[in-house]
Structure formats: C-alpha cells, structure tokens
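Shown next, in structure tokens, is the structure this report addresses.
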Amino acid sequence: MNNEGLFYATIMPDKDWWTELWPDPAGVLRAVGIEPDMQVVDLCCGDGHFTQPMCELVHPGKTWALDLNADLLNKAQKSCAGNENFQTILGDARELSNQLDEPVDFIFIANTFHGVPDKTAFSQSVNQSLKVGGRFAVINWHYRPREETTVFDQPRGPDTELRMKPQDVQVLVEPAGFKLDTVIDVGPYHYAAIFLKEHK
C-alpha cells in the first residue's frame, strides 16, 4: 500500500537495494504459481517491480496493479508501458472486491501484509475478488531479527516485532475462506504462503 497512514511500515524502499534483494522477480512469480493466461492482481504494487514481469508472464491474460500512492502507480504504469494486458487501479487494497469487474485467478501481495491493520477482513476482500480455485500469495519477510536481514551491509525490512511466521499468517487468512496450500522460500529473507479459495 505504501501509505503509513493505512498500512504500517510499508514504505517503498530505494530501487537499488530492492533490485539487489529481488534480482529475479519473474522467478518468484513462477515459483508461487502464476502462469500464462491467468487474470492476476499485483496488490499494493508499489513501483511495479513485480508487475512488469507479471504482465509478460500471464500474457495473454490480464494484470491489474493496485496502489494507493499515485506517484508509485505512475512508475508501475511506465514500467509496464507496451503491455496491452495491463491496467491500474488507484485505490485502497482493502476495497479490492469493489474495484474489479470480475473475479480473478490469482492475487499477489509482497512485503505489505505485515502492516495491514485487520488482516482477516483484508483477506475477506481478497477472497471475494477470486474465482473458486483461485490463489492468494502472501510474500513476507522471514521471522528473523532485523539485524540478520541485510542488503548492502545494512539491516533491511520491517522491525522484528512486525514479522510473521507462516503459521501466524495462516491463522489470520484461513478464517476469510481460504486453505493454506503451501509455503515456499522465495529469496534469502522471504517466504510465500499460498492460499487456495475452495468455495464460493
């Protein structure tokens, strides 16, 4: 979301260390199960670091990028220029279900879930935005002391007390109508918890 007034500790980082941390965003997207011809949402997309490869990966499927920060959304739009399957949504991620015309196959959120105030209510909106059988991937920093997650020799990521174990995410997301499908490592400091929407 990249708005401290709504989602705590989710400011978009500097591009240099973000690229160092995520050198292969397309590889992350493939690892969580995003495939060609899917309808997908990059939720709280920031500057579009994951959005641009997402557009290419799902083609001819469609990608929506949502963020509340107009400047960041503009950067995402520029990075995705030329991708006809790309659309932006300027808005609150908690209102996603009111901002899509149809349910989608996959919703992806990276490095933001820890700052969501009411994570179960947020997950309910995500659930309402997915087709039955759709998936919700939550990319989080591992539950490690912040001083152990360094990029360019400096501690990075949210404060230690804000970090969540996969089972903590599961406890908050499953009551919204999901079932945890799998948890995988996606980089040196992150995991992806991937949830399945089983019922309407």
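Since every read-out is calculated from the coordinates, none of them should be taken as a lab result. This is a predicted model, so every value here is computed, not measured. Note: ideal-geometry Cβ built from the backbone for every residue, glycine included; neighbour counts use all protein chains shown.
Taking the highest mean first, how do the peptides 152-165, 53-66 order by number of other beta carbon atoms within 10 angstrom per residue? Spell out each step's value before the answer.
Working: 152-165: 14.3, 53-66: 21.6.
Result, highest mean first: 53-66, 152-165.
Rg(Cα) of the range 119-200 divided by 2.2 N^0.38 Å?
Numbers: Rg = 14.1 Å, N = 82, 2.2 N^0.38 = 11.7 Å.
Rounded to two decimals, the normalised Rg is 1.20.
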Q: Quick one: what are the phi-derived ³J(HN,Hα) couplings along the range 186-200, Karplus 6.51/-1.76/1.60 with θ = phi - 60°, whole Hz, x for glycine and proline?
A: 9, x, x, 10, 10, 10, 10, 9, 10, 10, 10, 8, 8, 10, 6
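Restricting the count to DSSP beta bridges whose residues both fall in the range 84-184, what percent are antiparallel, rounded to a multiple of 5? Let's see the in-between values first.
Numbers: 2 of 8 bridges.
In the range 84-184, approximately 25 percent of DSSP beta bridges are antiparallel ones.
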Q | Charge dipole (debye, nearest 20) of the range 1-133; +1 at Cβ of Lys and Arg, -1 at Cβ of Asp and Glu | A | 140
Q) Within the range 90-200, how many Lys pairs sit with Cα atoms under 17 Å apart, leaving out pairs fewer than 8 places apart on the same chain? A) 9
Q.
What is the ratio of the Cα radius of gyration of the range 10-127 to 2.2 N^0.38 Å, with N the residue count, to two decimals?
A. 0.98
Q: Would you order TRP141, TRP17, TRP22 from fewest to most other beta-carbon atoms within 10 Å of each residue's own beta-carbon?
A: TRP17, TRP22, TRP141
Q: Calculate, axis by axis, the spread of Cα positions in the chain along the three principal axes, and write the results as whole Å, longest axis first.
A: 43, 38, 31
